[in-house]
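One structure is given below, encoded as structure tokens.
Read-outs: derived from the displayed coordinates by stated rules, not from any lab. Predicted model only: the values in this text are computed from it and were never measured. Neighbour counts are summed over all protein chains in view; Cβ atoms, including those assigned to glycine, are modelled from backbone coordinates with ideal geometry.
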């Protein structure tokens, strides 16, 4: 029987733009993350140290309030590279725990429930999916790392004047760039472990395990070979070295910035490769 | 049914699981963890052998001579006495250092091309490094064509309101660095009238520390302007304080050896500044290092995460793969199933980690001087090896049971694993009673050699460290077996009640 | 004397606040029994309860005298083919079945022989050495069946066993069911395809919303439903004449003439009276060719008993 009357017409109306569609994945992921009780709790706890730092900045800029404190305390809270370095070290740990808590839920459930074919049968490229997941985590981590950092920096500039800014602009740049590197590394580790194991529970452990075990490995190498270059293998130590260089702080004994940057870059590359290989909507079984 | 047939069933289950535990892709990472220390020790040993060979090719020095080098000796003197080193490397080292003492407070600014001016004005933008609001200038000198004549000396000076009568602007031009101009006005400046229009080629400013004050009080950011008519000023210098200067040192290292030790001499600008004598192969020290690695890396990290991977997989992995119901549909009691799976995990982890520990110990011994090793082995070596292996095995027993139970009972077992990790990490700082409540305490009691304290720990933490006295061997073994039995009993209760309902993994 | 029935005694199961099954009492004799009901009615719950994968909150279950809390003994005589499609990733079809047989205490040779026999019965011998994960849907269904029957159990619990099978294999499998039922085993299966349930089953259990709505042989169940008039198809030569005679009876509610004028659809409130009426009409010489019950099938039962609930 031939079809004579073709009444069907494709949808002609407006279509939302690329970025709105891109943001669908992060939006729903964030909603899911914040439904877990631990995530907002951890983020609130992560704000305690920035709050303390803000108080320190206020104190430093109002010298009359400082008169009661000892000289050591005054020099401890003076706003220089070391101040921001301590800030970054503390917030970086919170970022790590946040990633270990929320990272596993990003990709592992999709792989375990075989949802990737559903995603990729829509106009969504693999790279879009990967970037959306990365952005989800990176934005979350940013909220506890460089966003409070830049706010603190702005507060200091506001109180100390543009002259202070002239002399110390590299601190602000160092905070943002340093945390960008750390946030990227932690996000990639969380994504890679989530894609690799398909089990949320193990994936979280893997995130923590990566950092602890690489730290342990670097310690072992240092101690057995009686050297200090082993520190480059520890992602925390390497990031800290790069932050020291950006903030103008004297670093501890150990490998230089170039070696650390190289190691971090190779880690990131390796993780990106793992993610690329695991994010396949098909599985071939021989 | 008889107990024997139940045991046989458990063994069958264990055999089925062992195949997967040993040969799956996951196992690869566990092997890696277990073998990491072995590999590093092995490479270290190889490196030492190569080093000894290269040292012997260069010729050995008398041991006495190695120690004879004195600080301050020139490199040539050392070479004359000890002969040619087998390693000699020289390079110029650039370092940004803050100059010590009075020199740190002096900034020198060359004006090129030279400017013609009568009025020189110093504007303080940021008066100090530590937030102190007072500008402090000890002295400001202006030089023209003649490099030794200070054009600004004793010239009339003006400036922003001084801190006190004795710290007026003229104090900065009186040729005496012991007094200073100080001001905390909002707009801090200092200006000198040279009397005539001169060609300005150089400006030297002595800040706070040039007069003995704290370096943090030096001017952090300032600029110098020049004017002919006191109306229009031209900026000639932008200064950011005298924080760092580039220090160039000629650094040279030389290595000598006497067959058993290696001396590393460090020279700066030709003079000996550092002398380090290391044993090439220090058996005693290596044993200490092994003890430290065993307790800090192997027990805390390797066995912890390895057992996490192996045991968590046994039940939670099956639940997530939705294959657990096959086990429940087998004609076996649930307790037998638990025993079989636990047994499989235990055998796998003990083989991998106990074997790994033994292998590492063996590699350690292999790399040493055979005579020393012989003596050590006959004295205490075999006991040490035995206790290390036992500690590793019992670690698998303890951690294995905990993670098996966690996998059975909890949706997200990572949280208790993280808590356990943290608990073990702060174990040394807890009161003694609480310290006995951890698996690690008993495992450490079994280690034959006490681990050296982590030298990198800040002194503050070292003070707080309060390790309890180790338990006796028997006590430790009973402790771990007791904890394991308790945890396994809880696991039995859990598995009897367990229901198979596969919801989607949210 | 070992009881030969599968007994449910006031069994209830809660899933949180949702009632999975509600005061279910059943007594299932040997033979093929079908569990019929809409999705979410509780068929899988009942099967899981039978095999001990979940535990009842109330009541007790006895499978030929054994309790599901005793898997050691019960699982020897029970085989369960679930609807969960997953299987161990490492397994080939043959390995999967022979390995699980090892747990029964068979030697390796015995286990392999039994496994092979089960695979033969389900025609999976060519694919036996490929990984299960690479099987098609129908093959995965069959391997689950094979695993359930490999140890020759007395009670077979099959959750939608014909799902995904092509017509030929379907027919063969149904033949297998009949074979096993003939040997005195219990075959409890659940199904949606009502026509097949009609053909296969000896008895049915209709479940809706966690409650058993009807239980027993199909005809018996139909007879017990008095609210609905029974439907019969009468094939005869003089349809309109027969119709007018039937109209006079007071238990007849409706008579419809078939288009070919050779048949009638009769609805009657009382089957006994109707059968007497038809006998009288036949004896009066009206040439009745056939009297066929029109709604003694599961479709009708389903619609009457469960469809109302919707």
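Things worth noting here:
- Ranking of B:184, B:94, B:325 by neighbouring Cβ atoms within 10 Å, starting from the fewest: B:94, B:184, B:325.
- Cα-projected label distance for residue A:70 with residue C:83, points at 7 Å along beta-carbon direction, nm: 7.2 nm
- Shape of region A:139-281, Cα gyration tensor, a/c cut at 1.5: oblate
- Ellipsoid equivalent to region C:229-294 - semi-axes via the Cα gyration tensor, in Å: 16, 13, 11
- Residues of region A:160-179 with amide N under 20 Å of the 7 Å Cα→Cβ point at residue A:250: A:171
- Only helices enter this figure: runs of n ≥ 4 DSSP H residues, each worth -39500 (n - 2.57), summed and divided by the residues of the protein assembly as shown, yield -15500 deg cm²/dmol at 222 nm to the nearest 500.
- Whether region A:175-234 is rounded, prolate or oblate, judged on the alpha carbon gyration tensor where a/c under 1.5 counts as rounded: oblate
- Whether region B:11-166 is rounded, prolate or oblate, judged on the alpha carbon gyration tensor where a/c under 1.5 counts as rounded: oblate
- Estimated FRET transfer efficiency when R0 is 25 angstrom, pair residue C:193-residue B:410 (beta carbons, to 0.05): 0.05
- Whole-number percent relative contact order across chain B, with pairs defined as alpha carbons under 8 Å at least 6 apart: 18 percent
- Sites residue A:58 and residue A:180, calculated FRET efficiency, Cβ-Cβ separation with R0 25 Å, nearest 0.05: 0.40
- Each listed q (0.05, 0.08 Å⁻¹) maps to a log10 I(q)/I(0) for the protein assembly as shown, found by the Debye formula over equal Cα scatterers with no solvent: -0.55, -1.04.
- Convex hull volume of chain B per residue (C-alpha atoms, cubic angstrom): 267 Å³
- Chain C, relative contact order in percent, only Cα pairs under 8 angstrom and at least six apart counted: 19 percent
- Label point at residue A:170 placed 7 Å out along Cα→Cβ; residues across region A:232-257 whose backbone nitrogen lies under 13 Å: A:243-251
- Computed E for residue B:88/residue A:259 - FRET, C-beta separation, R0 22 angstrom, nearest 0.05: 0.35
- Placing pseudo-labels 7 Å out from each Cα toward the beta carbon at residue B:423 and residue A:43 gives an inter-label distance of 3.0 nm.
- Extent along principal axes [Cα atoms of region A:19-278; Å; largest to smallest]: 65, 48, 31
- Whole-number D in µm²/s for chain C (Stokes-Einstein; Kirkwood sum over Cα pairs; 20 °C, 1.002 mPa s): 98 µm²/s
- With the simple spin-label model, which puts each label point 7 Å out from Cα in the Cβ direction, the residue B:95 to residue C:134 separation comes to 6.5 nm.
- Within a Gaussian network of chain C (alpha carbon springs, distance under 10 Å), most fluctuating of C:257, C:176, C:206: C:257
- Which of B:13, B:426 has the fewest Cβ neighbours within 10 Å, and the rest in rising order: B:426, B:13
- When each of B:237, C:298 is scored by the number of other beta-carbon atoms lying within 10 Å, the sequence from fewest to most is B:237, C:298.
- Its Kirkwood hydrodynamic radius, worked out from the mean inverse distance over all distinct Cα pairs, puts region B:313-462 at 18.4 Å.
- With Cα atoms, 0 to 90° folded angle of helix A:81-102 axis to chain A main axis: 30 degrees
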